[in-house]
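Here the structure comes first, spelled out in structure tokens, and everything after it is commentary.
Every number in this text was worked out from the coordinates using simple rules, so none of it is lab data. Quick caveat, the model's predicted, so the values are computed rather than measured. Glycine also receives a Cβ, built like all others from the backbone with ideal geometry; neighbour counts cover every protein chain displayed.
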Amino acid sequence: MKAIEITQYGAPEVLRAGERPDPAPGAGELLIRVTASGVNRPDVLQRTGNYPVPPGASDIPGLEVAGTIVSGDEKAMKDAGLKVGDRVCALVSGGGYAQLCVAPVGQCLPVPQGLSDVEAASLPETFFTVWSNVFDRGRLAGGESFMVQGGTSGIGVTAIQMAKAMGASKVLATAGSDDKCQACVALGADHAINYKTQDFAEEAKKLTDGKGVDVILDMVAGSYVDREVKCVNEDGRIVIIAVQGGTKSEFNAGLVLRRRITITGSTLRPRPVAFKAAIAQSLAKNVWPLIEAGRIKPVIHSTFPAAEAAKAHALMESNQHVGKIVLTW
């Protein structure tokens, strides 16, 4: 099969098309003939040597795919209501940038009705991540306020729509330009804050009548944590899922105590199959119907032929995109 390989750690140009043996599914797994592969920030980190591959995972980059089931564990597929020939999208621990990809059955979901494979390939990594961190870990409930840092990223466009559809009272987003702020509002955010020209902490307090935000999804960390502590509500939750601003943070611990603030975080890739399968079940029950009803929509910025993966990575690193970048086979 054709696959996109990391020939050495470095710039996007280290991504090259190569040949790999066809993978074979094992117990509890199925094989997907890939039509489209989502591109995510962890792929960039892996390419630069900053995101080690978990033990047992493929060294081929790519954490989400969509395509057609070729073969697999028949009992596991039957139990999941899947069969050979079905269109599915899947979250994987690696191997997504390839014509064939093995995925645990529990991490596969049917392509939502009405979606193309390109749209479906944009779903798993961000939707699994947002559900796990905003709703499971952050415990966002209907009637609460929510803010996401980086509202036009793949995570951001998903979080805005999902929070709104699940009943958040007020959805805020930050972005790095006025155009991107407008894009966040168009996706359903009640307000968008240009972090380059405004203090997001002050604005968030104003926009919540001085109370602060109930849940914040943070992909920056670093100095952002101190400002988030200052603008989160009593009993608020700050959930960190990336450290683009650095791994060290200094904040007012007294505020954490007095306002009973929870600061937490997680990474998804190394978690066990059972954990991810439980998220898949929650998505199938709570979110897939919203997608099929048109209340949550995939946001695709660009598609590239898989052989042009380097261009896709260069675009991601430019931070000019709004939504997801997808490779096609």
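Sort out for me the Cα centre separation of region 194-213 from region 25-49, rounded to whole Å.
So the two Cα centres are separated by 37 Å.
Between [x] 33, 57, 10; [y] 26, 46, 16, 7, 4, 1; [z] 36, 59, 5, which entry matches P(r) over Cα pairs in 20 Å bins from 0, in percent as derived from the coordinates of this structure?
Read-out taken from this structure: [x].
Between T267 and D79, what is the label-to-label distance in nm when each label sits 7 Å out along the Cα-to-Cβ direction?
2.9
To the nearest 0.05, how large is the calculated FRET efficiency for S223 and K2 if R₀ is 45 Å and r is the Cβ-Cβ distance?
Working from the Cβ atoms, E equals 0.60.
Of the options F200, F127, L257, report the single residue whose Cα projects farthest towards the positive end of the charge dipole of the chain (beta-carbon charges: Lys, Arg +1; Asp, Glu -1).
It is L257, whose Cα lies furthest towards the positive end.
At 0.36 nm per residue, and after removing the present C-alpha to C-alpha distance, how many nm does the segment from R260 to S169 gain when stretched out fully?
So the chain would gain 30.6 nm between R260 and S169.
Could you give the size of the charge dipole of region 221-329 about its Cα centre, using +1 on the Cβ of each K and R and -1 on the Cβ of each D and E, expressed in debye and rounded to the nearest 20?
Magnitude of the dipole: close to 280 debye.
Starting from the Cα gyration tensor of region 127-265, take the square roots of the eigenvalues, sort them a ≥ b ≥ c, and report rounded, prolate or oblate (rounded when a/c is under 1.5, otherwise prolate if a/b is larger than b/c, else oblate).
Judged from the Cα gyration tensor, region 127-265 comes out rounded (a/c under 1.5).
Treating only the Cβ atoms of Lys and Arg (+1) and Asp and Glu (-1) as charged, compute the dipole magnitude of the chain about its Cα centre; round to the nearest 20 debye.
On the way: 34 positive and 34 negative charges, 99 e Å.
Dipole size: approximately 480 debye.
Please compute the length gained on full extension between A278 and R139, using 0.36 nm multiplied by the number of residues separating them and subtracting their Cα-Cα distance.
Contour length minus the Cα-Cα distance gives 48.5 nm.
Only residues of region 287-316 count here: report those whose backbone N is under 18 Å from the spot 7 Å along Cα→Cβ of S177, or say none.
300-303, 312-316
Could you put F200, F135, F275 in order, starting from the residue whose Cβ has the fewest other Cβ atoms within 10 Å?
The most exposed by this proxy come first: F275, F135, F200.
Counting DSSP beta bridges with both partners in the chain, what percentage is antiparallel, nearest 5?
Given both bridge residues lie in the chain, the antiparallel proportion sits at roughly 55 percent.
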